[in-house]
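See structure below.
The values are calculated or read from the model by the stated rules, or taken from the named source; none is laboratory data. The structure presented is a predicted model; accordingly, all values stated were derived computationally and were not measured. Glycine also receives a Cβ, built like all others from the backbone with ideal geometry; neighbour counts cover every protein chain displayed. Ligands, DNA and RNA are stripped out before the accessible areas are found, and what is left, the full protein with its side chains, is counted by its heavy atoms. Shrake-Rupley method; radii C 1.70, N 1.55, O 1.52, S 1.80 Å.
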Amino acid sequence: MNRNLNIFLILLIALSGCGFKIKNQSELINFNIVEFIGSGEQRINFRIKNKILRNLEKNNPKNIKLTIETKKEKNNKEKNLKNEITKYEITLTAKVTFVEIGFQNENSFLIQEKGEFSVNKQHSQTITSEKKLIEDLSESLADEILEELIENLNAN
């Protein structure tokens, strides 16, 4: 019985090596952002710009001009029996337009991130929760924008 278990484990280990490797995202980035224009929510644009530029290297062959227009919406999510708001939902939307310099073909895409936060007993805690959610959604939005840029620019 023990011998059969050992053979089974050896076969399982040998057959499970499918060769899948996770690609390092920095290896896929083949562009530089030479001009960044942001409109809308300035704090969100600042976070997105810093996150994207942090992942770029200067010696890439393609140069692009990137324009991001962000919008933040805050809506009531839930109310209690006293008709007091207990949860808010925040939606961040980014319309991204990029032009590859030298080719002048303009592409754009739209990305949206949603999240919610609860209203706390102290107003300062509620504000802190809102700021933390906006920070997290901005980071997630930047990751999505970078992935979409890599996909679009590597397809060309």
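Here are some notes:
- Scanning the range 89-103 for residues that are more than 21 Å from the chain's Cα centre (by Cα) and surrounded by 18 or more Cβ atoms within 10 Å (Cβ to Cβ) yields nothing.
- Any hit, the range 125-142, residues being over 12 Å from residue 44 (Cβ atoms), assigned to a strand (DSSP E or B) and open to solvent by 20 Å² or more (accessible area, probe 1.4 Å): no
- Flag if residue 72 is assigned to a strand (DSSP E or B), in contact (Cβ under 8 Å) with a residue 40 or more places away in the chain, open to solvent by 40 Å² or more (accessible area, probe 1.4 Å) and not polar (S, T, N, Q): yes
- Filtering the range 98-124 to residues that are part of a strand (DSSP E or B), at pLDDT 90 or above and among the charged types (D, E, K, R) leaves 113, 114, 116.
- Here 84, 116, 78, 106 are screened, and the one residue that is surrounded by fewer than 17 Cβ atoms within 10 Å (Cβ to Cβ), within 21 Å of the chain's Cα centre (by Cα) and of a type in the set (Asp, Glu) is 116.
- Some residue of the range 95-105 being among the aliphatic types (A, V, I, L, M), without any contact (Cβ under 8 Å) to a residue 24 or more places away in the chain and at negative phi: no
- When the range 29-56 is filtered for residues that are at pLDDT 85 or above, in contact with a Lys or Arg (Cβ under 7 Å, 6 or more places away or on another chain) and not in a strand (DSSP E or B), the ones remaining, listed by number, are 40, 41, 44.
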